[in-house]
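Okay, so here's the structure we're looking at.
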Amino acid sequence: MSNFHGVLAVLCTPFSPDEAVDYDSLRRLADYVIAEGAHAIVCLGLASETNRLSEEEKRGIIETVVAQVDGRVPVLSGLQAASTREAVRMARWLGAAGVVGLMVLPPPGPVDMAGVEQFYTAVAEAVDVPIMVQDCPQVVGYGLSASVITQMAEQCANIQYVKLEAQPAWPLMEALKEQAGDRLQMLVGWGGIGFIEALERGAVGCMPGADAIGPMRQVYERYVAGDIDGARAIYATILPMLVAKGGNLQSFIQSAKHLLVRAGAIDHATVRQPVTPIDEQSLRELDTWSQLTDKELAKYAVPVAVSHE
């Protein structure tokens, strides 16, 4: 079994002001999250504006990140497709491009569970890299049950992970522990909100945006070292910032890009249109929370021994 764990950074897709993919910023962003302590990198996730990218751009992003990372940490890719045929085709070229795991979103609903199982089985059989089932009812219109996920994992040895996005995630986490045991490893998304609770319930990591890697790494390292109070203190410090980024995917993407520009990780906060923009007042509020968070985090600053094993 593979060993994806800890803090997996979901990269946004940097754009220049004319909405072209900014590959120079993308390279810098990959270096930035590694320096911040990411255990792995995820490209083409929901927070990457993947549904607004052409296939040529997706290929360019994967090739750029795999080359820039050069084996320093694992590189995974999201996979979103409306049909089984398209998902299999994408899985094959992603596997050939050098990614070491695929985070696969279910096809958009409505679809019956027999079709979902066939979808995942076909993808898993098409590649020899680990598969992460992404349960995200907010996007596809339906959730996956523990019994369906467990059955798919029993059928396909490389279905090894589940990323839980539903809110709350706990009912599915508990059902998966009961039905799948150690057969499936669980990670959580949703920008890192609920990370401590997820660790307490057996999650092996989370997948936040690229702007939150440093403190999330500190939360994880303290937790696994047994310093639960220290982990909670840091998490409590960053929680207002996580909440301030907004309650929907588009506000989260825009907020994360704004913060990454401030950090010097990317050049522009451009998002592809159409989208409802965050107003200046909200951005000022975001900056205020960011500054307060940085000030509080300085109290807990300790050198991070960055190990990506």
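The values are calculated or read from the model by the stated rules, or taken from the named source; none is laboratory data. Keep in mind the model is a prediction, meaning the values are calculated, not measured. Please note: Cβ atoms are built from the backbone with ideal geometry, for glycine as well, and neighbour counts cover all protein chains shown. The area values use the complete protein model at the heavy-atom level, side chains included, leaving out ligands, DNA and RNA. Shrake-Rupley method; radii C 1.70, N 1.55, O 1.52, S 1.80 Å.
A dipole drawn for the chain from +1 and -1 charges on Cβ atoms has a positive end, and of Ile228, Val69, Val127 the residue lying farthest that way is Ile228. Springs between Cα atoms under 10 Å define the GNM used for the chain, and in it the highest mean-square fluctuation of Ser54, Ser16, Ser255 occurs at Ser54. Within the accessible surface of the chain, defined with a 1.4 Å probe on protein heavy atoms only, the carbon and sulfur portion equals 52 percent. Accessible surface computed residue by residue for the chain, with neighbouring protein chains in place and a 1.4 Å probe, gives 41 Å² per residue.
Rounded to whole numbers, the Karplus 3J(HN,Hα) couplings from phi for segment 178-184 are 6, 8, 9, x, 8, 5, 10 Hz, using 6.51 cos²θ - 1.76 cosθ + 1.60 with θ = phi - 60°, and x at Gly and Pro.
Explain nothing, just the number: relative contact order of segment 217-304, from Cα pairs under 8 Å at least 6 residues apart, as a whole percent. Before the final figure, lay out each step's value.
On the way: 60 pairs, mean separation 24.6, N = 88.
After rounding, I find 28 percent.
What residue among Thr288, Thr270, Thr237 shows peak mean-square fluctuation when the chain is described by a Gaussian network model with Cα springs under 10 Å? Answer for the Gaussian network model of the chain: Thr288.
Each Lys and Arg contributes +1 and each Asp and Glu -1, all at the Cβ; summed about the Cα centre of segment 175-249, the dipole is approximately 140 debye. In percent, rounded to a whole number, the relative contact order of the chain is 20, using alpha-carbon pairs under 8 Å and six or more apart. A Gaussian network model of the chain, with springs between Cα atoms under 10 Å, assigns the largest mean-square fluctuation among Asp70, Asp31, Asp287 to Asp70. The residue among Gln250, Leu239, Gln291 whose Cα reaches farthest toward the positive pole of the charge dipole of segment 186-309, with charges on the beta-carbon of Lys, Arg, Asp and Glu, is Gln250. Taking each residue as 0.36 nm, the span from Glu200 to Glu285 lengthens on full extension beyond its C-alpha to C-alpha distance by 27.5 nm.
For segment 186-309, with only Lys/Arg (+1) and Asp/Glu (-1) charged at the beta-carbon, what is the dipole magnitude about the Cα centre, in debye rounded to 20? Kindly include the intermediate steps, with their values, before the conclusion.
On the way: 11 positive and 14 negative charges, 21 e Å.
In debye, rounded to 20, segment 186-309 gives about 100.
Would you mind calculating the relative contact order of segment 170-233 from Cα pairs under 8 angstrom and at least 6 residues apart, reporting the percent as a whole number? Let's see the in-between values first.
Values: 54 pairs, mean separation 16.2, N = 64.
Relative contact order comes out at 25 percent.
Within straight-line reach of Lys58, meaning a Cα separation under 28 Å, sit the following lysines at least 8 residues removed in sequence or on another chain: Lys163, Lys245, Lys257.
The Thr276 and Trp93 beta-carbon pair, evaluated with R₀ = 30 Å, returns a calculated FRET efficiency of approximately 0.35. For segment 37-48, 3J(HN,Hα) computed residue by residue from phi via the Karplus equation (6.51, -1.76, 1.60; θ = phi - 60°) reads x, 4, 7, 7, 10, 10, 9, 6, x, 4, 6, 9 Hz, glycine and proline entered as x.
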